[in-house]
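Only one structure is covered here, and it is reproduced in the block below.
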Amino acid sequence: MKILFADKFPETQLKQLQDQGHHCDLQPDLVGDVLPDAVGDAEVLVVRSTKVSAQAIDAAASLRLVVRAGAGTNNIDKEAAANRNIAVCNVPGKNAVAVAELAIGLLIAIDRRIPENVIDLKAGRWNKTTYSVAQGLYGRHMGIIGLGAIGLAVAERARAFGIHVYVVDKPSRSAQTRETLTRLGLETVSDLDTLLGTCDIISLHVPSAAETKGLVNAEFLDKLQPGTIIINASRGDVIDEDALLSAMSDKGIRAGLDVYADEPASGEGTFSSALASHPNTCGTHHIGASTHQAQTAVAEGVLEVISAFADGTVLHCVNGQG
C-alpha cells in the first residue's frame, strides 16, 4: 500500500513497513493547509497532530485508512471520512505512561514551585526563605475525571505518593476496571459535585467531545476548594479559559497545563495566552506523549493497525467503518 506520513515517524518502524512491501512517503513537516495538495494517491494516511480536514479527505481519491498515531482523533474529520467509507483508527493506551508522568511532574512542580526556583537560581537569586514553604502531596485528595488508560496510570502514580484518589462511580464500568480500582485503593463517590467538593487536586483525562467541551466552567470552578490544583494533559477545549482565569484571581486556583484552547498547530511559533502566562499556571508545550518510549510504543501500534488492515481487519476504528 502507499502510505503517507504527515508527521514524524520512527525510522525503525518505517523500515519495517518498507520491508513488508509498502511504499512509504515521509513528509513530517506537512500541515493541514497543504495536506489536500500532498495526499495524492495515498491509500493510508498516518498523522499525529496534523489536521485532516474534509477538504483533505475529498482530495484523496485512493484513501482507505487514516491512522491517528495516538489516542485522540479530534484533529480528523471523522464524519467526512465515514461518508467516503474511509476508516479512521487510533492507537489507544500506548502513550498513557508518558502523559501520566508529565501530569505528576506538573503537580510536583506546582507544589514545590520548581519553575520559579530554577528561574531565580539561574538569575543569581537565592531565596530559600520563600521556596521553603510548600504543602506537600502526601495525604492530599485527588479527583480523576476520565478513567481510561491515562487516568488509571495517573492514579497508580498518585497512590505511590500517598495521595487519596477519588473517581465518580459508574455502573457501566467493567468488572476488570472495578478490580483495578480496588487493587489501587481508589475511592468512589456518587457524583461529580461530591468529587469536586472533596478533592484539592483535580486531574483531567477526557477526550475532546461535545459533552466535555467547556467542562471546567464557572459552575465547575465554584464548587472547588480555594487553592485547588487543576491538571490538564488531555485537550485544551475541556477548560473555559476565561472562567479559570477568574477562579485563579478569586480563589487562588492553580493549574498545571500541557494543552490550551488555541495552541499553535505547528511545532514552533509564537503563542500569546493569558492563561499560559498567568502566575498561577505551570505550563508545558503539549508534550505529554512526547517521550522516546511513548513514540516507539505508538509507532508499534500504528504498524499493528496497518498490518491488520492489509489482512482485511480494521483495528480500533472510531468512525463506524470497522
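Any read-out appearing in this document is the output of simple, stated calculations on the displayed coordinates, not a laboratory observation. Just so we're clear, the structure is a prediction, and the values are computed from it rather than from any experiment. Glycine also receives a Cβ, built like all others from the backbone with ideal geometry; neighbour counts cover every protein chain displayed.
If you average the alpha carbon positions of the range 106-134 and of the range 210-288, how far apart do those two centres end up, in angstrom?
The distance from the Cα centre of the range 106-134 to that of the range 210-288 comes to 21 Å.
Report, to the nearest 10°, how far helix 96-112 tilts away from the longest principal axis of the Cα atoms in the chain, using its own Cα long axis and a range of 0 to 90°.
Roughly 30 degrees between the two axes.
By how many degrees, 0 to 90 and rounded to 10, does the Cα axis of helix 175-184 deviate from the longest principal axis of the chain?
Long axis of 175-184 versus the principal axis of the chain: about 40 degrees.
Tabulate in residue order the Karplus-calculated ³J(HN,Hα) for the range 207-216, using 6.51 cos²θ - 1.76 cosθ + 1.60 with θ = phi - 60°, rounded to whole Hz; enter x for Gly and Pro.
x, 7, 7, 4, 7, 9, 5, x, 3, 8
Using modelled backbone amide H atoms (1.01 Å from N, in-plane), which distant-in-sequence or interchain residues come within less than 5 Å of residue 52's amide H?
Here the answer is 76, 77, since their amide H atoms fall under 5 Å of that of residue 52.
Karplus couplings for the range 142-149 from phi (6.51 cos²θ - 1.76 cosθ + 1.60, θ = phi - 60°), rounded to Hz, Gly and Pro as x?
Once θ is set to phi - 60°, the couplings for the range 142-149 become 10, x, 9, 10, x, 10, x, 4 Hz.
In what sequence, highest mean first, do 126-136, 70-80 appear when ranked by Cβ atoms within 10 angstrom?
70-80, 126-136
Hey, which of these cross-link pairs are over 23 Å Cα-Cα: 128/223; 78/213; 2/51; 51/78; 15/51; 128/251?
128/223; 15/51; 128/251
How about the range 183-280: which chymotrypsin sites (Phe, Trp or Tyr not before Pro) there are in a DSSP loop, with at most 14 other Cβ atoms within 10 Å of their Cβ?
Counting only loop positions with at most 14 other Cβ atoms within 10 Å, the chymotrypsin sites (Phe, Trp or Tyr not before Pro) in the range 183-280 are 271.
Quick one: 3J(HN,Hα) in Hz for the range 306-319, Karplus 6.51/-1.76/1.60 with θ = phi - 60°, rounded, Gly and Pro as x.
5, 5, 5, 4, 4, 8, x, 10, 9, 9, 6, 6, 10, 10
Rounded to the nearest 5, what is the percent of antiparallel bridges among the DSSP beta bridges in the chain?
5 percent
Which residues' amide hydrogens lie under 5 Å from the amide hydrogen of residue 283, considering only partners 5 or more residues apart or on another chain, with H built in the peptide plane?
Under 5 Å from the amide H of residue 283: 257.
Near the amide H of residue 88, under 5 Å away, which other amide H atoms are found, from residues 5 or more places off or on another chain, if H is placed in the peptide plane?
66, 318, 319, 321
For the chain, state the average projected area of the convex hull of the C-alpha atoms over all orientations, rounded to one decimal in nm².
Directional mean of the projected Cα hull area for the chain stands at 17.9 nm².
Just to be sure I understand the curve: with the Debye formula and one point per C-alpha of the range 5-113, what is log10 I(q)/I(0) at q = 0.22 Å⁻¹?
The Debye formula, applied to the Cα set alone, gives -1.19.
Under a straight-distance cross-link criterion of Cα-Cα below 19 Å, which aspartates and glutamates are reachable from residue 94, leaving out those fewer than 8 residues away in the same chain?
Cα-Cα hits under 19 Å: 7, 11, 156, 258, 300, 304.
Can you pull a Stokes-Einstein diffusion coefficient for the range 96-283 at 37 °C (0.692 mPa s), Rh from Kirkwood over Cα pairs, as a whole number of µm²/s?
My calculation gives 191 µm²/s for D.
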